[in-house]
Amino acid sequence: VGSEVAVLAAQLTRLSFQKLLRICVPCIMQPAAPRAGADAAKACRKPLFSMPRFDFCLTPREHITSMRSQTSSYGLCGAPLCSGMHQEAELNVVRVPRCDMPRCGHCAAGDLDAADAAELSLVPEPMAIGSAALQKNLQTAKIVVRDVFAELEAHCLEERCQYEEAGVTPPRQKANLWAAYTSKARLQRFTADSIEFVRQSAECRTRQLTPSQLRFLILLQHFVSEDTSDFYRPEMNRKHQDSFEGVLTDGVNSQLVKDAHRSEFSVEGHSFRLDLPPDEEGLMEEERRQAIAKFQTEFVMALESYLLAFCSRRGMSTLGTRRLVQAVTTQMSQAGLANLDRGSQATRYFVGSHGLDQRTAYNLSTMQTPEHGESLKLSILCMKTGFCQYLEKDELLRMPGVDCPKRCKPTSYLYQYATLRFTPGPPVENCESTTCTLLDALDEAHIDPHGS
């Protein structure tokens with residue numbers, strides 16, 4: 001039997017690949033049924049490698065005999081696989097509007113047009129690369145990403161309809177925001193960027209994450225990246241309208257300056273914190289204003305000096321320096337906290353102000369990596385403790401008008417943390433770009449209900 005198989009294998013290797021398909025493949029697959037009308041015309045388009053496509057056969061796997069060969073391997077659609085790594089790739093079935101026939105990911109990309117690209121939701125993931133946890137996270141992330149951007153698109157469409165029905169002209173920044181999340185091409189780019197972020201994330205490589213954890217990471221990375229990219233767009237195309245000021249520069253986010261006395265800061269180990277006595281201790285309003293103004297000036301000068309020194313070491317231009325200062329200080333303001341809230345579990349709860357202790361802290365330092373060299377590292381922390389009452393947002397949506405707070409123990413807390421890396425990148429028009437990447441993040445909502 002072994003000699004007969006060897007002779008048969010030698011004969012088969014001399015046959016063309018199309019003849020080989022006619023001999024071996026019909027027992028595994030059956031030709032697709034002809035289609036009528038417009039679908040037939042679409043299905044008859046010349047496919048990749050001019051090979052016929054097949055529907056999957058329902059023959060049980062145990063009745064299919066496979067043969068090993070030292071020659072190049074081929075995918076189910078007839079496309080040659082270039083390496084052993086590709087042979088271990090998962091087969092993901094993709095569907096496009098013009099054809100209901102399942103096709104493997106290798107050949108499906110051959111004749112997609114721009115409209116079809118927005119429908120592509122699954123791509124082959126090499127099983128030989130990354131850990132098992134990463135592969136599972138990637139599969140979960142595809143669903144999470146699809147749902148996330150579908151929600152953003154639906155929200156923008158609904159908001160735009162409300163403006164149109166009211167006959168109100170929207171601000172330019174809001175119109176730009178709608179355009180970003182209702183464009184199929186841009187949504188496709190956002191989707192690809194989010195999947196690539198999960199693939200490169202150290203957090204996703206080390207352990208399997210839940211859908212809610214992936215949602216938090218994906219949304220946070222998307223929004224900080226979009227905030228940073230916004231500074232490199234023309235003024236008329238931006239999605240935000242922040243104002244900026246400063247002492248040594250004019251690039252510090254004004255919201256950061258305004259709220260500086262309410263947070264804690266650390267710049268390369270140097271702490272900045274303003275401890276004001278409570279109002280009942282008799283401190284005059286004018287004295288409070290002077291103390292706050294002095295703290296703001298000292299902190300902003302120290303922050304600007306630190307950022308300017310970093311940009312000087314990296315040899316950045318004047319405009320590139322200003323853009324980086326804007327990007328970093330924006331994430332150190334309320335905008336950074338708002339990004340933490342998007343997709344966070346903590347936003348499911350409204351906590352009572354009685355006994356509430358809210359701490360917000362920012363830590364700015366430098367880090368070295370072989371790939372990026374010297375970069376800026378910003379850690380953001382927001383923690384709420386001491387509250388004894390809370391409301392659940394989901395219950396308020398289910399039962400409007402019912403706002404009776406629930407009691408909880410003082411051990412309850414809401415915790416959000418993230419570390420961002422700012423790296424000078426390639427030039428964009430007339431200055432250097434800045435890339436903002438999420439390194440790690442933590443989102444915890446611990447509500448300990450009161451026993452009674």
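Can you pull out every residue in the range 257-274 that is loosely packed, with under 14 Cβ neighbours inside 10 Å and among the polar types (S, T, N, Q)?
Taking the range 257-274 as the starting set, the residues that turn out to be loosely packed, with under 14 Cβ neighbours inside 10 Å are 262, 268-271, 273.
Passing the criteria: only 271.
For the range 125-240, which fully contained helices (runs of 4 or more DSSP H) count at least 3 residues that are open to solvent by less than 40 Å² (accessible area, probe 1.4 Å) and more than 22 Å from residue 333 (Cβ to Cβ)? Lay out the reasoning, then the answer.
On the way: elements: 132-166, 172-182, 184-200, 202-206, 211-230.
Answer list for the range 125-240: 132-166, 172-182, 184-200.
Please pick out the residue among 198, 148, 252, 257 that is among the aliphatic types (A, V, I, L, M) and in contact with a Ser or Thr (Cβ under 6 Å, 6 or more places away or on another chain). I'd like the intermediate steps shown before the answer.
Numbers: 198 fails: in contact with a Ser or Thr (Cβ under 6 Å, 6 or more places away or on another chain); 148 fails: in contact with a Ser or Thr (Cβ under 6 Å, 6 or more places away or on another chain); 257 fails: in contact with a Ser or Thr (Cβ under 6 Å, 6 or more places away or on another chain).
Checking each option against the conditions leaves just 252.
Just to verify a result, which residue in the range 295-317, among those that are without any contact (Cβ under 8 Å) to a residue 12 or more places away in the chain and assigned to a helix (DSSP H, G or I), is least open to solvent (accessible area, probe 1.4 Å)? Don't jump to the end; show me each part of the working.
Quick first cut of the range 295-317, residues without any contact (Cβ under 8 Å) to a residue 12 or more places away in the chain only: 309, 312, 315.
Filter once more, so that each one left must be assigned to a helix (DSSP H, G or I): 309, 312.
Values: 309: 42, 312: 89 Å².
The residue in question is 309.
So, in the range 441-452, how many residues would count as being modelled with pLDDT of 90 or more, open to solvent by 20 Å² or more (accessible area, probe 1.4 Å) and small (Gly, Ala, Ser)?
Result for the range 441-452: 1.
Within the bounds of the range 278-294, is there any residue that is touching a residue at least 60 places away in the same chain (Cβ under 8 Å) and outside any helix (DSSP H, G or I)?
Checked against the condition, which is being touching a residue at least 60 places away in the same chain (Cβ under 8 Å) and outside any helix (DSSP H, G or I), the range 278-294 yields no hits at all.
For the range 321-333, give me the residue count where each residue is farther than 20 Å from residue 365 by Cβ and either open to solvent by 50 Å² or more (accessible area, probe 1.4 Å) or touching a helix residue (DSSP H, G or I) at 6+ places or on another chain (Cβ under 7 Å) (or both).
The initial filter retains those residues of the range 321-333 that are farther than 20 Å from residue 365 by Cβ, namely 322-323.
When the remaining residues are screened for being either open to solvent by 50 Å² or more (accessible area, probe 1.4 Å) or touching a helix residue (DSSP H, G or I) at 6+ places or on another chain (Cβ under 7 Å) (or both), the result is 322.
Qualifying residue count, the range 321-333: 1.
Tell me which residues, restricted to the range 285-301, are under 15 Å from residue 274 (Cα atoms) and either under 33 Å from the mean Cα position of the chain (by Cα) or among the hydrophobic types (A, V, I, L, M, F, W, C) (or both).
Matches in the range 285-301: 291, 292, 293, 295, 299, 300.
The values are calculated or read from the model by the stated rules, or taken from the named source; none is laboratory data. As the structure is a prediction and not an experimental result, all values here were calculated from the model. Cβ: placed from backbone, ideal geometry, glycine included. Neighbour counts: every protein chain shown. Ligands, DNA and RNA are excluded from the accessible area calculation, which covers all protein heavy atoms including side chains. Shrake-Rupley method; radii C 1.70, N 1.55, O 1.52, S 1.80 Å.
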